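Written below as structure tokens is the structure these notes are about.
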């Protein structure tokens, strides 16, 4: 079964944004809120799309927790 969990966040929301969602960088938010307590994150497939710096940070975090590189697919915006 395929389950997609889009994660919306703002890295630096302003007070006038009235943002109530996640705040920070995606690799930190993803780890703290989804992967830290996941039973087997290395058994999942990951699909990323974003700018090169974001993709690099997420890929590095995923590799650090044991995800194989072939389980990480990405679309690089601007690379």
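What the table below lists for this structure:
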read-out	value
Over the chain, volume per residue of the alpha carbon convex hull, in Å³	108
Choice from 21, 50, 66 with maximal GNM fluctuation in the chain (Cα, 10 Å cutoff)	21
Among 68, 45, 12: highest mean-square fluctuation, GNM of the chain, C-alpha pairs under 10 Å	12
The stretch 9-76, relative contact order in percent, only Cα pairs under 8 angstrom and at least six apart counted	30
GNM flexibility winner over the chain from 33, 55, 18 (Cα, springs under 10 Å)	18
Cα-based helix-to-principal-axis angle, 52-64 vs the chain, degrees rounded to 10	50
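A short reminder: the numbers here are calculations on the coordinates, not readings from a lab. As the structure is a prediction and not an experimental result, all values here were calculated from the model.
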